[in-house]
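The next block holds one structure in the form of structure tokens; read it before the comments.
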Amino acid sequence: VQLQASGGGLVQAGDSLRLSCAASGRTFSSYVMGWFRQAPGKEREFVGCITSSGGRIFYADSAKGRFTISRDNAKNTVYLQMNSLKPEDTAVYYCAATFPGGEYRKPRGYNYWGQGTQVTVSS
């Protein structure tokens with residue numbers, strides 16, 4: 001599967017952004033989809049993930065209450081709605097895909113990655 005993330009940009013603290021990740025292929029609905037982010041000089045960190053049917057969603061503590069992950073399997077797309085953005089949310093955001101049963105909170109648990117989209121939040 002090939003993944004294409006989009007929707008990043010420069011915003012002010014408190015603003016919202018919605019990232020999208022479009023997937024190619026006919027098996028999108030089989031994958032667990034994750035969102036990760038990586039700030040300069042830091043390791044890639046888990047933001048959240050959504051199971052293949054969308055029935056379960058998991059978030060990092062930093063994302064709980066502000067970020068929402070959803071997916072539209074008919075459109076082969078997963079979304080990351082980010083509200084109340086903070087300067088510390090500044091990072092390159094990546095979407096990733098894996099098969100059920102993996103380590104959803106770890107980058108090594110994912111088989112496929114998108115190219116990333118930059119999110120910059122100014123104070």
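Points worth noting:
- Free-standing Cys, the chain [no other Cys Cβ under 4.7 Å]: C49
- With all protein chains modelled, accessible area of T120 [1.4 Å, Å²]: 50
- The residues of the chain present an accessible area of 51 Å² per residue when probed at 1.4 Å with all protein chains retained.
- Extension reserve of the Q115-Q2 stretch, reckoned as 0.36 nm per residue once the Cα distance is removed: 39.7 nm
- Close amide-amide hydrogen proximity is noted between T90 and V121, each under 5 Å apart and 5 or more residues distant or on a separate chain (H modeled in the peptide plane; Pro and chain starts excluded).
- Label-to-label distance for E103 and I57 is 2.6 nm, based on points extended 7 Å past Cα in the beta-carbon direction.
- Using a probe radius of 1.4 angstrom, the carbon and sulfur fraction of the accessible surface of the chain is 46%.
- Of the residues S24, G8, Q38, the one whose Cα sits farthest towards the positive end of the charge dipole of the chain is S24 (charges of +1 on Lys and Arg Cβ, -1 on Asp and Glu Cβ, taken about the Cα centre).
The values are calculated or read from the model by the stated rules, or taken from the named source; none is laboratory data. Just so we're clear, the structure is a prediction, and the values are computed from it rather than from any experiment. Don't worry about glycine lacking a Cβ; one is built from the backbone with ideal geometry, like all the others, and counts go over all protein chains shown. Ligands, DNA and RNA are excluded from the accessible area calculation, which covers all protein heavy atoms including side chains. Shrake-Rupley method; radii C 1.70, N 1.55, O 1.52, S 1.80 Å.
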